[in-house]
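To start, the structure under review is shown below, and the notes come after it.
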Amino acid sequence: MERTGRMDRTQPPHPRIGGFTYRRVPVAEAVSLHVAVGGSGPPVVLLHGFPQTHLMWRHVAPELAADHTVICPDLRGYGDSDKPLDTDGLAYAKRTMAADIVALARALGHDRFALAGHDRGALVAIRAGLDHPGAVTHLASLDVVPTLDTWEVLRGTSGAVGFPLYLMAQPPGLPERMIAATADDFFGHYLDLWTRDPDAIPAEVRAAYLRACRAAVPSIVADYRASAHIDVEHDAADRRSGNRLRMPVTVVQQDWGAAPGVDAAELWRDWAPDLVHRTVSCGHFMAEESPAEVVRALRELLTR
């Protein structure tokens, strides 16, 4: 059945990860993160992507919680976390967002932790690994390449899939107005386009994602805008200095085939010498479409 991207207002308003407790944790001046925590054992932090919230980990997190403390925040600017104004182009730099995650883990009693991120969350995780190698013990990236390489990969007609990156890279004003005017259609379009199994995101979860995004247009745009400016500068500086991810890294990506014209595994080896690169046959939202495969990849990473 065709889905329009419109919110079904009859659905339950606040789905949660079963068995997890929820709290707000201050991580920076005037910024607190909404976080779900469950399980016990070595800590693992899971960062969501676009256009989602921490709820994308609802299948993966309980499995890992059998023997780990699992921490699932909404990133700053998303979900029920705080959404500071971006007055200087730095509020949503991945360096700033990564510092949030290190502060969150420390506030919960963990100086060192494993870190996994999907999509936007993966970019935050990568920056955390580069900036805080003493804190991040293991790192997993789901279905992105580092920010600097993203702009090199999205060229020509293959770059059409990156339309939201180019739109939200524009100066403040027009992107926010355009997206806010059709928020459910805009965000719903990507939930549909990037999902091979429509049943992987049920109606109540879809409604929660659309509601959260509709309330966060300026901060989501600021997050993307940072990836066209300050995040590229930070990545380029790391490339020049030879800074690389020193911890074991697992990358899980869709099989892109030959379309982008790049060898994704080879691209990743420039950043991560201790690399396992895996491809999967599901869509972009792999933690929801193929959670068992994601759990397996994360468990294997945590043994390295």
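I'm checking my understanding of the structure. Among residues of the stretch 226-242 that are surrounded by fewer than 22 Cβ atoms within 10 Å (Cβ to Cβ) and touching a residue at least 24 places away in the same chain (Cβ under 8 Å), which one is farthest from ASP74 (Cα to Cα)?
ARG239
So which residues in the stretch 75-98 are in a loop (DSSP other than H, G, I, E, B), open to solvent by 30 Å² or more (accessible area, probe 1.4 Å) and not aliphatic (A, V, I, L, M), if there are any at all? Break it down into steps so the answer makes sense when it comes.
Of the stretch 75-98, the ones in a loop (DSSP other than H, G, I, E, B) are 75-93.
Then keep just the ones that are open to solvent by 30 Å² or more (accessible area, probe 1.4 Å); that gives 80, 82-90.
Listed by number, the residues that qualify are ASP80, ASP82, LYS83, PRO84, ASP86, THR87, ASP88, GLY89.
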* Asked: Looking at the stretch 91-99, is at least one residue farther than 26 Å from ASP274 by Cα and of a type outside the set (A, V, I, L, M, F, W, C)?
  -> yes
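Quick one: which of LEU275, LEU301 is among the hydrophobic types (A, V, I, L, M, F, W, C), over 30 Å from PRO171 (Cα atoms) and in contact with a Ser or Thr (Cβ under 6 Å, 6 or more places away or on another chain)?
LEU301
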* Structure fact -> SER281: passes all of (1) without any contact (Cβ under 8 Å) to a residue 12 or more places away in the chain; (2) over 28 Å from PRO175 (Cβ atoms); (3) not charged (D, E, K, R) but (1)
* **Candidate set from the stretch 180-197 (those that are hydroxyl-bearing (Ser, Thr, Tyr) and in a loop (DSSP other than H, G, I, E, B)); member that is modelled with the lowest pLDDT** => THR195
* Structure fact -> In the stretch 198-219, anything of a type in the set (Val, Ile, Thr), out of contact with any Pro (no Cβ under 8 Å at 6 or more places or on another chain) and in a helix (DSSP H, G or I) is listed as VAL217
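Restricting to the stretch 266-304, and then to whatever is in a loop (DSSP other than H, G, I, E, B) and within 16 Å of the chain's Cα centre (by Cα), can you tell me which residue is nearest to GLY242 (Cα to Cα)? Quick ask: steps written out before the conclusion?
Just the residues of the stretch 266-304 that are in a loop (DSSP other than H, G, I, E, B), to begin with: 270-274, 281-285, 290, 303-304.
If we keep only those that are within 16 Å of the chain's Cα centre (by Cα) too, we end up with 283-285.
Working: GLY283: 33, HIS284: 30, PHE285: 32 Å.
Looking at the filtered set, the residue picked out is HIS284.
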* Asked: Which members of the stretch 180-201 meet the condition of being open to solvent by 40 Å² or more (accessible area, probe 1.4 Å), free of Cβ contacts under 8 Å to residues at least 40 places away in the same chain and not polar (S, T, N, Q)?
  -> ALA180, ALA181, LEU193, ASP199
* Structure fact -> Among helices (runs of 4 or more DSSP H) entirely inside the stretch 103-179, those with 3 or more residues being modelled with pLDDT of 95 or more and out of contact with any Leu (no Cβ under 7 Å at 6 or more places or on another chain) are 120-131
* For the stretch 74-122, which residues satisfy the criterion of being closer than 23 Å to PRO172 by Cβ and of a type in the set (Val, Ile, Thr)? -> THR87, THR96
* Among the residues of the stretch 72-113, which ones are closer than 22 Å to ALA228 by Cβ and hydroxyl-bearing (Ser, Thr, Tyr)? -> TYR78, THR87, TYR92, THR96
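Of all residues in the stretch 99-112, how many are crowded, with 21+ Cβ neighbours inside 10 Å and either within 11 Å of HIS132 (Cα to Cα) or touching a Cys at 6+ places or on another chain (Cβ under 8 Å) (or both)? It would help to see each step written out before you state the result.
Step one: of the stretch 99-112, the residues crowded, with 21+ Cβ neighbours inside 10 Å are 100-102, 104-105.
Still in the list and also either within 11 Å of HIS132 (Cα to Cα) or touching a Cys at 6+ places or on another chain (Cβ under 8 Å) (or both): 101-102.
So the answer is 2.
Being of a type in the set (Gly, Ala, Ser), touching a residue at least 12 places away in the same chain (Cβ under 8 Å) and under 18 Å from VAL31 (Cβ atoms), is that true of even one residue in the stretch 110-130?
Here is the first cut: in the stretch 110-130, the ones of a type in the set (Gly, Ala, Ser) are 114, 116-117, 121-122, 125, 128-129.
Narrowing further to those that are touching a residue at least 12 places away in the same chain (Cβ under 8 Å): 114, 116-117, 121-122, 125, 128-129.
Going one step further and asking which of them are under 18 Å from VAL31 (Cβ atoms), we end up with 121, 128.
Within the stretch 110-130 (the criterion being of a type in the set (Gly, Ala, Ser), touching a residue at least 12 places away in the same chain (Cβ under 8 Å) and under 18 Å from VAL31 (Cβ atoms)), the answer is yes, since at least one residue qualifies.
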* SER40 fails exactly one of the following numbered conditions: (1) open to solvent by 10 Å² or more (accessible area, probe 1.4 Å); (2) more than 28 Å from GLU300 (Cβ to Cβ). What is the number of that condition? -> (2)
* Asked: In the stretch 68-124, what residues are touching a strand residue (DSSP E or B) at 6+ places or on another chain (Cβ under 7 Å) and polar (S, T, N, Q)?
  -> THR69, SER81
* Of all residues in the stretch 220-232, which are under 22 Å from LEU139 (Cα atoms) and either part of a loop (DSSP other than H, G, I, E, B) or more than 16 Å from the chain's Cα centre (by Cα) (or both)? -> SER227, VAL232
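The values are calculated or read from the model by the stated rules, or taken from the named source; none is laboratory data. This is a predicted model, so every value here is computed, not measured. Using ideal geometry, Cβ is built from the backbone for each residue, glycine included, and neighbour counts are taken over all protein chains shown. These accessible areas exclude ligands, DNA and RNA; they are computed on the full protein's heavy atoms, side chains included. Shrake-Rupley method; radii C 1.70, N 1.55, O 1.52, S 1.80 Å.
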